[in-house]
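Peer 1: Got a structure for you, written out below as structure tokens; questions coming shortly.
Read-outs: derived from the displayed coordinates by stated rules, not from any lab. Please read these numbers as outputs of a predicted model, since none were measured by experiment. Cβ coordinates were reconstructed from backbone atoms using ideal geometry, including for glycine residues, and neighbour counts include every protein chain displayed.
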């Protein structure tokens, strides 16, 4: 070969580099899909990709997207027991697992008398086998022990 003449890489070499780079990016996305799936910007892309590649994504988890529609806490027929009724809606863009519900009871001065987190199995009576769809509402009812006779206020939080 004459001096000053350089040999150019063949086209197939550039094609191989492009294919390998694409495979590397796909592998990185698949390996990190659980973290990326928690991002609303990435999730639609990952859902499409997992449909093609037959992989799965973790269930969407956005407790702040649940809205409390109605809630009541009142004495039950048994002394020292309260009947809790609540309805809520999933306002997220995707189906979610049923949330854990935290109920806090307080006295007239705002001091917390008791707080408990209820799992979906506790407030539904059994573990749900489905997700709660976007826009879907649910009504729940359960009984709790009244922590003190001065219970006058309550609050709910989703976990």
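Peer 1: How much mean residue ellipticity at 222 nm does the chain get from its helices, if each DSSP H run of length 4 or more adds -39500 (n - 2.57) and you divide by all residues, to the nearest 500 deg cm²/dmol?
Peer 2: -7500 deg cm²/dmol
Peer 1: When ranked by the protection proxy of mean other Cβ atoms within 10 Å per residue, highest first, what sequence do the peptides 90-97, 119-126, 70-77 form?
Peer 2: Values: 90-97: 17.5, 119-126: 13.6, 70-77: 12.1.
Most protected by this proxy first, the peptides run 90-97, 119-126, 70-77.
Peer 1: Which of 78, 112, 130 moves most in a GNM of the chain, Cα contacts under 10 Å?
Peer 2: Judging by the Gaussian network model, the answer is 78.
Peer 1: Please give the contour-minus-distance gain from residue 20 to residue 77: 0.36 nm per residue of separation, less the Cα-Cα distance, rounded to one decimal in nm.
Peer 2: Full-extension gain reported as 13.6 nm.
Peer 1: Right, something else. Go from 0 up to the bin containing the longest alpha carbon distance in the chain, width 10 Å each, and give me the % of pairs per bin.
Peer 2: 9, 26, 21, 15, 11, 7, 5, 4, 2, 1, 0
Peer 1: Taking the Cα centroid of the stretch 31-107 and of the stretch 114-159, what is the distance between the two, rounded to the nearest whole Å?
Peer 2: When both Cα centres are located, 12 Å separates them.
Peer 1: Ranked by Cβ crowding within 10 angstrom, fewest neighbours first, how are 140, 84, 17 ordered? Don't skip to the answer; put the middle values down first.
Peer 2: Details: 140 18, 84 21, 17 11.
Fewest-to-most Cβ neighbours within 10 Å comes out as 17, 140, 84.
Peer 1: Same structure, new question: Give the angle, between 0 and 90 degrees and rounded to the nearest 10, that separates the Cα long axis of helix 11-31 from the longest principal axis of the Cα atoms of the chain.
Peer 2: Relative to the chain, helix 11-31 is tipped by roughly 10 degrees.
Peer 1: Using Cα springs under 10 Å in a Gaussian network model of the chain, which residue among 43, 11, 54 shows the largest mean-square fluctuation?
Peer 2: Highest fluctuation among the options: 11.
Peer 1: Continuing with the same structure: Springs between alpha-carbon atoms under 10 Å, Gaussian network over the chain: tell me which of 37, 148, 18 tops the mean-square fluctuations.
Peer 2: 18
Peer 1: Give me 55, 50 ranked fewest to most by other Cβ atoms within 10 Å of their Cβ, as a rough exposure proxy.
Peer 2: Ordered by Cβ neighbours within 10 Å, fewest first: 55, 50.
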